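The values are calculated or read from the model by the stated rules, or taken from the named source; none is laboratory data. Keep in mind the model is a prediction, meaning the values are calculated, not measured. Every residue, glycine as well, gets a Cβ built from its backbone with ideal geometry; the counts of neighbours run over all protein chains shown.
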Amino acid sequence: METIDRIKAHYRFTDEDVSNLAGLRPVMERRRDEFVVEFYNYVKNFEEAHKFLKDEATIKRHQEALKVWFMKLFAGSYDSLYLAELGKVGLAHVKISLHAHYVNAAFHFVKRYIHETLRKEYSDQEERARLLRSADKILDINLDIFTSSYIEEEKKFFLSQKVESYLIQMANRFTHGLNLVLVLGLVVLGFMVIGLFAYDLLHVLDGDLEKGLLSTLGSLLMLWVVIELMGTEIKHLRGGKFAIKVFISVALVAVIRKILVTSLKTDAVEAQLSLVGAVAVLGAVYWLVSKVDS
Ligand code: HEM
């Protein structure tokens, strides 16, 4: 991390800049509230602004924090405490995953706002140019520190960037391999269910029509589940999102099949009732998940 003295030296930030900025304080104090209003008019056009400034409480907190930040630009005190405070603000944006581009664009607005204010308030060109130079320096220093927070965050590695990206790549390939094994397993399962379907069909030929038909219906349901699972897995392999719904439908079908089989036994009323309860619960969960998905 850079020290405040090194930063000041790199931007040629002198005592003259300090007094120029401190001299601007009364002018900027008068415009503090207007600054925040115009800042928000500008920022609200960012497509994703509402994701970060998501409710009235957050907006209020941010607007108050902005006022304090704005006035500190002209406080005339730029020591290591000031540097630490700016680091904290930068980190606050990193933590909420605010795109660095938005921070840069917002700074562009602040720069324009201050230029425009100085143009309105100072008619003497030389004086204005002098004040502008100091304002630009402190804004560039601020943006520098905010940007460093993003870079520091990117540099966080447990081992080293090379080792970590290699590990991630390996883990990615392994996961892809496991997914292919899963598809293969589902293909094998599909063949087995076809076998079960053929076996159940034999009951029909045996003469036990009711048992044969209900069992065949059960195995057809299982075939449908395997097809669903395979479809979901293929979609997932092609980059689709993980579909929790299909797992609930697997459970639903398994219970429905069980009901079909137990319906043949007249003495299994209690077991049937608990299975019907399970179908009702699973059905409700399926409905809720579908509602959230859509
Ligand atoms: C010139 C650019 C900006 C400045 C000077 C600035 C200033 C600040 C300050 C001083 C804080 C308080 C940090 C703390 O808690 O210590 C803050 C937080 C925050 N900023 Fe900014 N900000 C800027 C740009 C933006 C933009 C463009 C957005 C969104 C589109 C944004 C969204 C937020 C949010 C959501 C928080 C957290 C608020 C909370 O929950 O308390 N900021 N910002």
Do we find a residue being assigned by TED's automatic domain parsing to the domain that holds F107, away from the ligand (no atom under 12 Å from the Cβ) and closer than 20 Å to Y82 by Cα anywhere in the range 32-52?
yes
Pairs only if they're at least six apart or on different chains, beta carbon under 6 angstrom, first in the range 273-289 and under 11 Å from I259 (Cβ atoms), second surrounded by 13 or more Cβ atoms within 10 Å (Cβ to Cβ); list them, first residue then second.
L275/V255; L275/K258; L275/I259; A278/V255; V279/V255
Residue match in the range 55-70 (condition: more than 26 Å from the chain's Cα centre (by Cα), in contact (Cβ under 8 Å) with a residue 40 or more places away in the chain and more than 10 Å from the ligand (Cβ to nearest atom))
no
Mind counting the residues in the range 55-78 that are surrounded by 12 or more Cβ atoms within 10 Å (Cβ to Cβ) and not in a helix (DSSP H, G or I)?
5
Report the residue count in the range 35-54 for those that are surrounded by 14 or more Cβ atoms within 10 Å (Cβ to Cβ), of a type outside the set (F, W, Y) and either without any contact (Cβ under 8 Å) to a residue 40 or more places away in the chain or touching a Phe, Trp or Tyr at 6+ places or on another chain (Cβ under 7 Å) (or both).
3
Could you list all residues from the range 79-124 that are more than 9 Å from the ligand (Cβ to nearest atom), within 35 Å of the chain's Cα centre (by Cα) and in a loop (DSSP other than H, G, I, E, B)?
S97
Long-range neighbours under 7 Å by Cβ, at least six apart or interchain, first residue farther than 15 Å from A100 by Cα and among the basic types (K, R) within the range 134-163, second at pLDDT 70 or above and crowded, with 17+ Cβ neighbours inside 10 Å:
K137/F13; K137/D17
